[in-house]
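First the structure, in the form of structure tokens, and then the observations on it.
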Amino acid sequence: MKKIKISPSILSANFSELGNEIKRLEQGGADMIHVDVMDGHFVPNLTIGPPVIKNLREITKLPFDVHLMIDPVHKYIKDYADAGADIITIHPEATENLSESINHIKSFKKKVGVSLNPNTELNLVLDYLDKIDLILIMSVYPGFGGQKFMPEIIKKIKDLDNIKKDKNLNFDIEVDGGINFSNAKKVLDAGASILVSGTTIFKENNGDIEKNIKTLRTA
Ligand code: DX5
Ligand code: ZN
């Protein structure tokens with residue numbers, strides 16, 4: 001039986017209460033915390049960086065699933081590893097040498113993720129699938145929460161899951177962007193095992209985080 005993990009994105013949290021919001025996610029049953037790092041260059045938005053992550057590290061034991069939407073990314077990997085990231089996910093377009101960046105993340109004993117934008121083909125990462133812990137498939141163009149899920153991404157998830165099975169690999173498939181109660185089952189059935197969600201978890205059912213996490217997990 002596939003273990004489903006829920007990684008709430010704090011991009012949709014109340015940034016003036018980040019610490020308490022993370023505690024709410026932990027009490028609500030989150031498996032990890034999805035931290036969207038944006039630099040205003042790789043994506044047209046700016047969020048948080050290592051100093052904030054370092055402070056948040058003190059208040060929870062949950063794994064930090066750090067999604068680096070920054071370019072360049074290689075020279076900053078150490079800062080996020082030192083700040084307390086557990087999974088460091090990068091976009092291939094943001095590094096000159098994906099293999100070197102993957103090895104660099106591993107040198108800090110962190111899990112490695114590679115994220116594919118909706119217009120980034122699977123074949124860009126086929127050679128690395130046996131070297132990484134997860135593929136983060138974007139079901140929106142990165143930069144903002146609350147966007148609409150792109151249904152054409154379902155086929156990409158299925159194609160990746162078929163490759164994973166054919167090659168007998170065990171990386172996780174994580175999907176990120178516009179996940180809600182009506183598309184979560186399709187995403188999981190296509191092969192995903194980790195769902196990222198910001199808006200649905202923080203806003204649905206009057207912000208009942210525990211109910212929203214449970215609903216996504218059992219979709
Ligand atoms: C978008 C981020 C996503 C986003 C998800 O660039 O990578 O993690 O915050 O938020 P929702 O669930 O609201 O689409
Ligand atoms: Zn993200």
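Closer than 30 Å to Glu204 by Cβ, within 16 Å of the chain's Cα centre (by Cα), within 16 Å of ligand 2 (Cβ to nearest atom) and among the small types (Gly, Ala, Ser), is that true of Gly40? I'd like the intermediate steps shown before the answer.
Working: closer than 30 Å to Glu204 by Cβ: yes; within 16 Å of the chain's Cα centre (by Cα): no; within 16 Å of ligand 2 (Cβ to nearest atom): yes; among the small types (Gly, Ala, Ser): yes.
When the stated conditions are applied, Gly40 does not pass them.
Just to be sure before I move on: is Ala13 in contact (Cβ under 8 Å) with a residue 12 or more places away in the chain, of a type in the set (Gly, Ala, Ser), buried (at least 18 other Cβ atoms within 10 Å of the Cβ) and touching a strand residue (DSSP E or B) at 6+ places or on another chain (Cβ under 9 Å) in the structure I sent? I'd like the intermediate steps shown before the answer.
Numbers: in contact (Cβ under 8 Å) with a residue 12 or more places away in the chain: yes; of a type in the set (Gly, Ala, Ser): yes; buried (at least 18 other Cβ atoms within 10 Å of the Cβ): yes; touching a strand residue (DSSP E or B) at 6+ places or on another chain (Cβ under 9 Å): no.
When the stated conditions are applied, Ala13 does not pass them.
In segment 157-178, what residues are away from ligand 2 (no atom under 16 Å from the Cβ), touching a residue at least 40 places away in the same chain (Cβ under 8 Å) and either of a type in the set (D, E, K, R) or not in a loop (DSSP other than H, G, I, E, B) (or both)?
Residue satisfying the conditions is Ile163 alone.
Where in segment 27-144 are there strands (runs of 3 or more DSSP E), lying fully within it, with 2 or more residues that are in contact (Cβ under 8 Å) with a residue 24 or more places away in the chain and of a type in the set (Ser, Thr, Tyr)?
Working: elements: 33-38, 64-69, 87-90, 111-116, 134-138.
Result: empty, no element qualifies.
Does Phe202 satisfy the condition of being over 26 Å from Thr95 (Cα atoms), within 14 Å of ligand 1 (Cβ to nearest atom) and without any contact (Cβ under 8 Å) to a residue 60 or more places away in the chain? Quick ask: steps written out before the conclusion?
Numbers: over 26 Å from Thr95 (Cα atoms): yes; within 14 Å of ligand 1 (Cβ to nearest atom): yes; without any contact (Cβ under 8 Å) to a residue 60 or more places away in the chain: no.
The answer is no for Phe202.
How about segment 13-37: which of its residues are within 15 Å of ligand 2 (Cβ to nearest atom), touching an Asp or Glu at 6+ places or on another chain (Cβ under 9 Å) and small (Gly, Ala, Ser)?
Ala13
State the number of residues belonging to segment 1-26 that are in a helix (DSSP H, G or I) and closer than 19 Å to Leu195 by Cβ.
Restricting attention to segment 1-26, the residues satisfying the condition of being in a helix (DSSP H, G or I) are 10-12, 15-26.
Narrowing further to those that are closer than 19 Å to Leu195 by Cβ: 10-12, 21-22, 24-26.
Adding up the residues that qualify gives 8.
Just so you know, all these numbers are worked out from the coordinates, no wet-lab data involved. None of the values given here were measured: they were computed from a predicted structure. Cβ atoms come from the backbone with ideal geometry, glycine included; neighbour counts cover every protein chain shown.
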